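The values are calculated or read from the model by the stated rules, or taken from the named source; none is laboratory data. Bear in mind the structure is a predicted one, so any value in this text is a computation, not a measurement. Note that we place each Cβ from the backbone using ideal geometry, even for glycine, and neighbour counts take in every protein chain shown. Accessible surface areas use protein heavy atoms only, side chains included; no ligands, DNA or RNA. Shrake-Rupley method; radii C 1.70, N 1.55, O 1.52, S 1.80 Å.
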Amino acid sequence: MRFPLFIANWKMHKDPLEAVRYAATFGRDAVSLSGFADLAVAPQSLALVPLKEALEGFPVALAAQNCGPAESGAFTGENSPKTLKDLGVRYVLLGHSERRWVFGETDEGIALRLKAALSAGLTPVLCIGEKLQERKENRTFEALEKQLKALDGLDLSRLVLAYEPVWAIGTGETASPAQAQEVHFWLRTELGRRFAGAGSLRILYGGSAKVENAASLMAQPDVDGLLVGGASLDPNGFAELVRHGVGSTT
Ligand code: PGA
């Protein structure tokens with residue numbers, strides 16, 4: 001019912017030349033994998049244009065790692081969602097834990113970015129996740145509920161959600177498949193209260209996803225794809241991860 005989606009989040013790794021080289025390798029694998037999943041790569045914004053050109057003809061979408069809170073205006077340092085769309089970007093990560101916890105983005109600010117992304121025609125990938133302390137204190141759902149408030153009043157039909165427990169990002173520690181499923185199921189139920197399309201909403205898992213755990217995470221009924229940081233940096237490794245995730249032998 002939900003077609004899987006795998007997104008490579010390169011963060012601030014890879015310059016434009018490295019991005020172009022990656023495309024040549026991954027693009028070839030993507031041709032066979034695209035029958036099993038949608039694929040996207042999120043480079044730093046300076047590499048979007050060369051990457052777009054290098055991916056021409058390959059079934060790999062472009063994703064931005066953030067976007068500004070309006071179509072244009074006095075927002076020094078931000079990328080206009082409309083410009084991203086015009087450049088051929090399809091997805092935009094919003095509320096990534098590094099944006100929240102390193103750069104101090106708030107739920108209110110993320111809500112503005114979401115709104116701007118949607119009106120520009122981008123597909124937002126809203127990232128949410130609890131911190132370790134919150135999990136230890138059994139406040140996981142409370143934390144997620146607060147972050148979901150950014151969705152209030154928005155048209156959710158084009159949304160992708162990514163559950164990324166903060167304690168699992170870049171740490172090598174992954175949520176167990178059962179932990180991921182518990183949260184994903186809860187998220188789908190919560191969103192089901194807000195709009196009729198929650199059954200077809202794609203909810204990705206992120207946080208130390210790798211070749212070794214891709215299949216068991218993807219085997220969970222409510223895990224619809226993976227948002228992959230470290231393990232996406234090598235094109236062959238990322239292709240292998242997707243292959244394991246979708247159970248493909250091609
Ligand atoms: P990781 O990062 O796979 O390196 O844990 C995931 C993310 O930050 O989206």
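Given the criterion among the aliphatic types (A, V, I, L, M) and open to solvent by 30 Å² or more (accessible area, probe 1.4 Å), identify the matching residue among ALA180, ALA239, ALA198, ALA231.
Just one listed residue meets the conditions, ALA231.
Within segment 142-164, how many residues turn out to be assigned to a loop (DSSP other than H, G, I, E, B) and either touching a Cys at 6+ places or on another chain (Cβ under 7 Å) or within 14 Å of LEU122 (Cα to Cα) (or both)?
Total meeting the criteria: 4.
Picking from GLU56, GLU98, GLU105, which residue would you name as being of a type in the set (D, E, K, R), at pLDDT 95 or above and farther than 30 Å from ALA215 by Cα?
So the residue among GLU56, GLU98, GLU105 that is of a type in the set (D, E, K, R), at pLDDT 95 or above and farther than 30 Å from ALA215 by Cα is GLU105.
Anything in segment 188-203 that is in contact with a Phe, Trp or Tyr (Cβ under 9 Å, 6 or more places away or on another chain) and under 12 Å from GLU145 (Cα atoms)? List them, or say none.
If the condition is that a residue be in contact with a Phe, Trp or Tyr (Cβ under 9 Å, 6 or more places away or on another chain) and under 12 Å from GLU145 (Cα atoms), then GLU190 is the only one that fits.
Is it true that some residue in segment 149-168 is of a type in the set (Ser, Thr, Tyr) and closer than 24 Å to MET1 by Cα?
Yes - at least one qualifying residue is present in segment 149-168.
Any residue at all in segment 52-73 that is without any contact (Cβ under 8 Å) to a residue 40 or more places away in the chain, more than 20 Å from ALA180 (Cβ to Cβ), in a helix (DSSP H, G or I) and open to solvent by 60 Å² or more (accessible area, probe 1.4 Å)?
Yes, the conditions are met somewhere in segment 52-73.
Just to be sure I understand, how many residues within segment 129-147 are acidic (Asp, Glu), under 18 Å from GLU173 (Cα atoms) and touching a residue at least 12 places away in the same chain (Cβ under 8 Å)?
Going through segment 129-147 one residue at a time, the tally reaches 1.
State all residues of segment 169-196 that are modelled with pLDDT of 95 or more, within 16 Å of the ligand (Cβ to nearest atom) and not polar (S, T, N, Q); if no residue qualifies, say none.
PRO177, ALA180, VAL183, HIS184
For segment 22-42, what are the residues that are without any contact (Cβ under 8 Å) to a residue 40 or more places away in the chain and of a type in the set (D, E, K, R)?
ARG28
Those residues that are within 11 Å of the ligand (Cβ to nearest atom) and of a type in the set (A, V, I, L, M, F, W, C), I need them from segment 197-213; list them, please.
Residues satisfying the conditions are LEU204, ALA209.
If I ask for residues that are basic (Lys, Arg) and without any contact (Cβ under 8 Å) to a residue 12 or more places away in the chain, which ones from segment 81-126 would you list?
If the condition is that a residue be basic (Lys, Arg) and without any contact (Cβ under 8 Å) to a residue 12 or more places away in the chain, then ARG100 is the only one that fits.
Restricted to segment 134-168, and to residues that are of a type in the set (Asp, Glu) and away from the ligand (no atom under 16 Å from the Cβ), which residue is least open to solvent (accessible area, probe 1.4 Å)?
GLU134
Quick check on segment 1-42: of everything there that is among the basic types (Lys, Arg) and open to solvent by less than 50 Å² (accessible area, probe 1.4 Å), which residue is nearest to the ligand (Cβ to nearest atom)?
LYS11
Only one of (1) open to solvent by less than 40 Å² (accessible area, probe 1.4 Å); (2) away from the ligand (no atom under 15 Å from the Cβ); (3) aliphatic (A, V, I, L, M) fails for ALA219. Which number is that?
(1)
Show the residue pairs meeting these rules: Cβ distance below 6 Å; 6+ apart or different chains; first residue within segment 209-230 and in contact (Cβ under 8 Å) with a residue 24 or more places away in the chain; second residue in a helix (DSSP H, G or I) and charged (D, E, K, R).
VAL211/GLU240; ASP222/ARG188
Only one of (1) outside any helix (DSSP H, G or I); (2) over 15 Å from the mean Cα position of the chain (by Cα); (3) among the hydrophobic types (A, V, I, L, M, F, W, C) fails for LEU241. Which number is that?
(1)
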